[in-house]
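Below is one structure, written out as structure tokens; comments come after it.
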Amino acid sequence: MTDLKRTPFYALEAEHQARFVPFAGYELPVTFEAGLMEEHHAVRRRVGVFDVSHMGEVVIDGKDALPAVQWLVTNNVDVAAGKAVYTVMCVADGGIVDDLIVYREGEQSFFLCVNGACRHGDVAHIKEQAKRFDCRVRDLSDDWAQLAIQGPKADLLLSDLSSHETATMPSFTFADAEVGGVKGVRIARTGYTGEPGVELYVKNGDAARLWRAMADAGKKHGLGYCGLGCRDTLRLEMKYPLYGNDIDRDHNPIEAGLAWVVKLKKGEFLGRAALQAAKTEGVTRQWVGFEMVGRGIPRQHYEIHKNGAKVGEVTSGTHSPSLGRPIGCGYVPTALATVGSELDVVVRGKPVLARVVTTPFYKREQP
Amino acid sequence: MNIPDGQKYTKEHEWARKDGDLVVVGITDHAQHKLGDIVFVELPAVGAQVKAGATFGTVESVKAVSDLFAPLSGEVTAVNDALTNAPETVNKDPYGSAWMIKVKPSQASELDKLLSPADYEKLCDSEG
């Protein structure tokens with residue numbers, strides 16, 4: 001077994017009764033003292049902080065950085081500096097290597113945030129594919145820590161920490177600014193919860209200082225300390241895919257409902273031919289969200305049946321803390337993928353009725 | 001750690017308490033704490049036979065599915081149906097209102113083989 005790494009926040013999290021689990025090579029909190037349900041509600045109702053330092057950071061820069069990144073990812077990253085783009089990287093057959101956010105730092109510089117569990121594979125893939133471009137690829141994951149601060153009061157908390165106003169930042173933009181007395185923090189208007197908020201990239205050496213400033217300011221806003229457990233329930237309520245559960249090399253972005261990140265008109269890119277075919281000819285299976293009609297909680301790998309025959313598998317499932325009922329996702333044949341379609345999820349050997357619903361499962365009340 | 005006297009325990013974190021001719025069964029405070037927020041409880045029907053060491057139901061927290069193991073063999077004579085709609089009771093009152101089933105034992109001596117409160121406490125300490 002390889003040694004697990006600790007993020008710069010480990011000791012600070014331990015003060016809040018963090019229960020640590022191994023994830024993506026790190027010891028990360030799965031829950032804190034409040035417990036999953038309360039942590040989840042803290043993000044939906046107030047503000048919560050997540051340590052997501054396991055995420056990977058890769059910088060691609062140089063003369064041909066733009067064509068290199070355009071070749072690597074499916075979305076169009078030829079955007080203005082200061083903008084960010086959610087996308088996937090695919091292999092030639094359209095299978096997904098990872099989903100990621102690409103931040104355009106400048107004309108010739110891109111900062112990529114990739115899944116921690118995919119980091120080493122991604123870096124190898126990126127380096128191989130970037131060989132024929134005049135650019136440099138650097139894995140800076142070990143230099144950066146990351147905090148996600150999410151919830152309806154996230155901007156209020158940030159306003160106590162930084163003179164850079166976050167409330168007016170458009171979604172998928174970023175800026176480097178001083179936060180909590182730490183210079184050069186990257187503030188990104190992104191997240192994985194469906195709530196307003198930011199993701200803060202901070203150098204490891206400054207991480208503890210940022211945390212303490214945030215914790216002090218957080219007291220009056222009811223800041224919750226949140227683990228991986230509620231990160232999963234929050235993202236699933238929004239039907240945001242989790243790499244490894246919901247998307248992988250065996251599924252393409254069209255099947256996964258991510259056609260919106262596949263920009264065929266931008267020019268050549270890896271997987272383009274396969275994805276063009278998938279778009280024009282249609283796909284045989286689609287990733288859907290469903291709610292249970294009968295009693296039972298869907299869980300990853302439970303079989304999905306129709307008329308007694310297996311038609312798919314649950315990729316993610318849980319009890320939704322916001323809705324108070326079970327929700328799940330999975331790939332099903334296209335003919336069964338319409339809203340209202342009835343399926344059975346096999347729970348401990350028994351078929352339990354489920355129904356395909358519109359997603360996201362959770363709809364935030366507009367303020 | 002809350003491990004009341006006057007009842008027995010299993011290695012799988014159930015408790016069993018004599019109540020006249022019957023034995024009342026539930027899960028321990030340690031178990032509910034480890035599981036976290038419990039959101040689903042599935043129990044057998046009245047009249048079902050349970051067997052010592054075999055599963056008789058399921059509890060689920062938001063993240064995890066956990067089997068329930070019968071402390072002893074016998075016939076289920078009562079089931080706490082209130083837990084179906086209020087599974088969170090298991091977190092709040094695991095030894096009281098969140099009892100799960102009542103069993104008419106087929107071999108009352110099975111109860112003697114279960115863990116004493118002191119032995120159960122040692123088990124919990126060793127599991128951390």
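Some points to look at:
- Classification of the protein assembly as shown by its C-alpha gyration tensor yields a prolate form. The axis ratio a/c (a ≥ b ≥ c) is 1.5 or more, and a/b outweighs b/c.
- Springs join every pair of Cα atoms under 10 Å in this Gaussian network model of chain B, and among B:ILE27, B:ILE101, B:ILE38 the largest mean-square fluctuation is at B:ILE38.
- Using 0.36 nm per residue and subtracting the Cα-Cα separation, the extra length available between B:ALA118 and B:GLU12 on full extension is 36.6 nm.
- Order of B:HIS30, A:HIS221, A:HIS120 under a 10 Å beta carbon neighbour criterion, fewest first: A:HIS120, A:HIS221, B:HIS30
- Förster radius 45 Å - calculated FRET efficiency between A:LEU353 and B:ASP5, Cβ distance, rounded to 0.05: 0.50
- HN-Hα J in Hz across segment A:222-233 - Karplus 6.51, -1.76, 1.60, θ = phi - 60°, x for Gly and Pro: x, 4, x, 8, 10, x, 4, x, 7, 4, 6, 5
- Rounded FRET efficiency, nearest 0.05, which uses the C-beta distance separating A:VAL339 from A:HIS301 and R0 of 35 Å: 0.90
- Spatial offset of segment A:306-330 relative to segment A:68-106 amounts to 30 Å, using the alpha carbon center of each.
- Calculated from backbone phi, Karplus (6.51, -1.76, 1.60) coupling profile of segment A:85-101 in Hz, x at Gly/Pro: 9, 7, 7, 10, 10, 10, 9, 4, 7, x, x, 8, 7, 5, 10, 7, 10
- Long-range HN-HN contacts of A:PHE23 with modeled amide H, under 5 Å: A:LEU28
- Global form of segment A:56-139, assessed from the alpha-carbon gyration tensor, a/c cut-off 1.5: rounded
- Value at 222 nm in deg cm²/dmol, rounded to 500, when DSSP H runs of n ≥ 4 in chain A each add -39,500 (n - 2.57): -6000 deg cm²/dmol
- The mean number of partner chain beta-carbon atoms within 10 angstrom of a residue's beta-carbon across peptide B:34-40 is 5.
- Cβ-Cβ FRET estimate between A:LYS220 and B:ASP21, R0 fixed at 51 Å, reported to 0.05: 0.30
- Whole-Hz couplings from phi, Karplus 6.51/-1.76/1.60, listed for segment B:28-42; x for Gly and Pro: 7, 4, 4, 5, 5, 5, 5, 6, x, 4, 8, 10, 7, 10, 10
- Within a Gaussian network of chain A (alpha carbon springs, distance under 10 Å), most fluctuating of A:ARG45, A:ARG249, A:ARG348: A:ARG348
- Within chain B, helix-based [θ] at 222 nm, where runs of 4 or more DSSP H residues each add -39,500 (n - 2.57), nearest 500: -5000 deg cm²/dmol
- A Gaussian network model of chain A, with springs between Cα atoms under 10 Å, assigns the largest mean-square fluctuation among A:SER320, A:SER162, A:SER53 to A:SER162.
- For chain A, the longest site-free run once GluC sites (Glu not before Pro) in DSSP loop states with at most 13 other Cβ atoms within 10 Å are removed: A:166-267
- Amide H contacts for A:HIS305 (H built 1.01 Å from N in the peptide plane; partners 5 or more residues away or on another chain; cut-off under 5 Å): A:VAL311, A:ASP344, A:VAL345, A:VAL346.
- Around the amide H of B:VAL39, modelled in the peptide plane, lie the amide H atoms of B:GLU60, B:SER61, B:VAL62, all under 5 Å away and 5 or more residues distant in sequence or on another chain.
Read-outs: derived from the displayed coordinates by stated rules, not from any lab. From a predicted model like this one, the values you see are computed outputs, not experimental measurements. Neighbour counts run over all protein chains shown; Cβ positions are idealised from the backbone, glycine included.
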